[in-house]
Each structure stands twice: as structure tokens, then as C-alpha cells.
Amino acid sequence: MNTQGFHLDHIGVAVPSLEAALPFYVQLLGLQVSRIEVVEDQQVKVAFLNTGQCHIELLEPTADTSPIAKFLAKRGPGIHHICLQVQGLKALLPKLAESGVQLIDSAPRPGADNKWVAFIHPKATGGVLLELSEPMEAVA
């Protein structure tokens, strides 16, 4: 598998409240919020913090049934996932599945930041929830 074009996009951090979490990152660390958006189908409110080449994505659940709410209930606040930006996400997923990689998403779906996303199960990655993303405008 070619890793050309792969790069670390962001680290997702689950928090119970953006309002409570943001002062640490903004006021104490001096990071800037590039934007905040809600991803309705994932029941999550996301704040993007610029760090240079990648960013930190703070994730606040918007409902008790949100995957982030379930994560927080089970594990508490902390790193939820690591995201790699890739080229050719739609073609990569079947190759991973054919190789026996346990996928959460067999096809890309709309995610935050105007990107297509798909998740790989932590059982396939040594315990890390791995998100693969690709800008929507890159996919024709």
C-alpha cells in the first residue's frame, strides 16, 4: 500500500463541554479556534484548533446517544482518535477490507471540515481508533 499523500490531519479529543475545555487550549496554550461546527449525524459539536501542520479536534456530544457521549461514559475525557488524511479513500477501503482489516465504515461518509471520512476499528490498529479522511473537493 502506498503511503504517498498520507499525513497526520488531526487528533480527536473527547470532552464533555467545549466551553469548559477551550480556555485551556486558547487562553493558556495560545491556540486559535479556526471554527466550530455541528455534525448532526454523529451528534457531535466540533472545535478545530490550529497547531500548524495538523490540528486538535475537540469533540463534544450533542446527545446522550452520540458515540462521543458513549466514549466519555466508558473512558472519560481524552484522546478519541487519530486522523490521517489520504488520497483515494474510496478505493483504499475495499483494499483494506480485502486484506482482513476490520473497518467500522466500509464506505466514506460525510464528516466535519467538509471531508469524507471512514473509521478503522481499534482491533485492527493496535488499540487506536483511526480515522481516514479526504477533502470532499478532491473526490470527483
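Throughout, read-outs are computed from the coordinates displayed, never taken from laboratory work. Owing to the predicted nature of the structure, the values given are computational and were not obtained by experimental measurement. All Cβ positions, even for glycine, are placed from backbone atoms using ideal geometry, and neighbour counts span all protein chains on display.
Per residue of the stretch 122-133, what does 6.51 cos²θ - 1.76 cosθ + 1.60 with θ = phi - 60° give for ³J(HN,Hα)? Whole Hz please, x for Gly and Pro, Karplus curve as stated.
The phi angles translate into x, 5, 8, 10, x, x, 10, 6, 10, 9, 10, 9 Hz.
Ranked by Cβ crowding within 10 angstrom, fewest neighbours first, how are Phe24, Phe71 ordered?
Values: Phe24 11, Phe71 19.
Placing the least packed residue first, the sequence is Phe24, Phe71.
Provide the percentage of antiparallel DSSP beta bridges, counting only those with both residues in the chain; round to the nearest 5.
Values: 30 of 39 bridges.
Rounded to the nearest five, the antiparallel share is 75 percent.
Inverting the mean 1/r over all pairs of different Cα atoms, compute the Kirkwood radius of the chain and quote it in Å.
Details: mean 1/r = 0.0641 Å⁻¹.
For the chain, the Kirkwood estimate is 15.6 Å.
Which of the residue pairs Lys45/Lys74; Lys90/Lys123; Lys70/Lys115; Lys74/Lys95 have a Cα-Cα distance greater than 25 Å in the structure shown?
Correct reply: Lys74/Lys95.
Under the Karplus relation 6.51 cos²θ - 1.76 cosθ + 1.60, θ = phi - 60°, what is the ordered set of whole-Hz ³J(HN,Hα) values for the stretch 55-64, x standing for Gly and Pro?
For the stretch 55-64, the Karplus-derived couplings read 9, 9, 10, 7, 10, 10, x, 9, 7, 5 Hz, x marking Gly and Pro.
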